[in-house]
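Colleague: Take a look at this one; I'll ask things after.
The values are calculated or read from the model by the stated rules, or taken from the named source; none is laboratory data. In this text, all values refer to a predicted model and were calculated from it rather than measured experimentally. A quick note on method: Cβ atoms are made from the backbone with ideal geometry, for glycine too, and the neighbour counts reach across all protein chains shown. Calculation scope for accessible area: heavy atoms of the full protein, side chains included, ligands and nucleic acids excluded. Shrake-Rupley method; radii C 1.70, N 1.55, O 1.52, S 1.80 Å.
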Amino acid sequence: MARLLPVFVHGWAFGPEFWQPVLAQLNWADAVTLDLGFLKPEASDVTKAVTLDDICQKQQPILGIGHSLGFMWLMMQRRQGILPAGSQFAGINTFACFASREGCPEGVAPRIVQRMIRGLGREPVAVVNDFRQRCGASPVSAARCQPEELTRGLDILRTEDVRADLPTGLLEVLAGRQDEIASPSMTEASFPAPAHIKWVENGAHLLPQTHPVECARFLETLRNRMEQQL
């Protein structure tokens with residue numbers, strides 16, 4: 001049976017350490033995490049991130065697992081054709097179009113994202129920690145915030161629409177019914193059939209943190225099924 005390389009990509013205002021609760025449950029020795037650069041790593045971080053170049057050089061198909069913005073970022077790389085052939089994908093608390101536009105009324109008003117971008121220019125830690133508080137995450141220090149990368153991430157959320165870049169084969173998304181960031185209506189509009197959404201009824205936006213067992217079970221089942229089809 002062929003093997004997929006599990007690649008975990010975090011969302012906006014988080015870092016690769018975000019995935020630690022899920023990785024501890026999975027115990028996948030081959031799993032790697034990417035760092036989108038939103039936060040400076042803490043000295044105590046045990047998660048070692050690799051680069052996209054590292055992954056592409058392996059020429060091994062990946063199982064790209066993206067949380068929130070991380071999934072959109074993976075689809076953008078897929079669009080560019082730089083990921084290894086045969087790569088598969090899964091999303092957690094995510095979407096294919098975040099800001100509302102014609103054909104996507106379920107999205108967030110672009111002015112809200114634009115306001116966050118302006119705020120990053122004045123007091124980035126306040127913008128980051130306001131968002132993290134809404135998610136239910138602990139605050140970070142001002143020294144960890146990387147305004148340039150954070151702005152780039154928000155610009156992706158404001159402008160990108162990756163619905164046309166979704167794979168036509170097996171795609172599953174784990175979502176929380178209580179998610180205030182990636183709302184159920186946004187999720188459903190982003191991933192029509194044949195994509196399949198698995199719901200956690202009491203889950204919010206941080207399922208990998210709050211429901212690591214459910215996330216691990218979801219990913220283990222999905223990886224086994226995908227690898228059997230390679």
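Colleague: Test T187 against the criterion of being at negative phi, assigned to a loop (DSSP other than H, G, I, E, B) and out of contact with any helix residue (DSSP H, G or I) (no Cβ under 9 Å at 6 or more places or on another chain), and give yes or no.
Modeller: no
Colleague: I'm checking my understanding of the structure. Among residues of segment 196-215 that are assigned to a helix (DSSP H, G or I) and open to solvent by less than 10 Å² (accessible area, probe 1.4 Å), which one is farthest from L5 (Cα to Cα)?
Modeller: It comes out as L207.
Colleague: Only one residue in L150, L174 is open to solvent by less than 30 Å² (accessible area, probe 1.4 Å), over 17 Å from F98 (Cβ atoms) and within 17 Å of the chain's Cα centre (by Cα). Which one?
Modeller: L174
Colleague: If E102 passes every condition in (1) at pLDDT below 95; (2) exposed (fewer than 14 other Cβ atoms within 10 Å of the Cβ); (3) closer than 24 Å to V22 by Cβ; (4) of a type outside the set (V, I, T) but one, which one does it miss?
Modeller: Answer for E102: the failing condition is (3).
Colleague: Considering only residues that are surrounded by 15 or more Cβ atoms within 10 Å (Cβ to Cβ) and in contact (Cβ under 8 Å) with a residue 40 or more places away in the chain, which ones fall in segment 110-143?
Modeller: Passing the criteria: P110, V113, I117, V128, F131, R132, C135, A137, V140.
Colleague: Could you list, in sequence order, all residues of segment 59-96 that are more than 19 Å from E227 (Cβ to Cβ) and either free of Cβ contacts under 8 Å to residues at least 40 places away in the same chain or of a type in the set (D, E) (or both)?
Modeller: Q77, Q80, G81, I82, listed by residue number.
Colleague: Something else: Would you mention how many residues in segment 59-86 are among the basic types (K, R) and within 18 Å of A31 (Cβ to Cβ)?
Modeller: Of the residues in segment 59-86, 0 are among the basic types (K, R) and within 18 Å of A31 (Cβ to Cβ).
Colleague: Between residues in segment 151-166 that are in contact (Cβ under 8 Å) with a residue 40 or more places away in the chain and residues that are open to solvent by 60 Å² or more (accessible area, probe 1.4 Å) and not in a loop (DSSP other than H, G, I, E, B), which pairs lie under 6 Å by C-beta distance while being six or more apart or on different chains?
Modeller: Close Cβ pairs (under 6 Å, with a partner that is open to solvent by 60 Å² or more (accessible area, probe 1.4 Å) and not in a loop (DSSP other than H, G, I, E, B)) amount to D165/R78; D165/R79.
Colleague: Counting just the residues of segment 56-86 that are farther than 20 Å from C135 by Cβ, open to solvent by less than 20 Å² (accessible area, probe 1.4 Å) and not aliphatic (A, V, I, L, M), which one comes out modelled with the lowest pLDDT?
Modeller: Per the criteria, the residue is P84.
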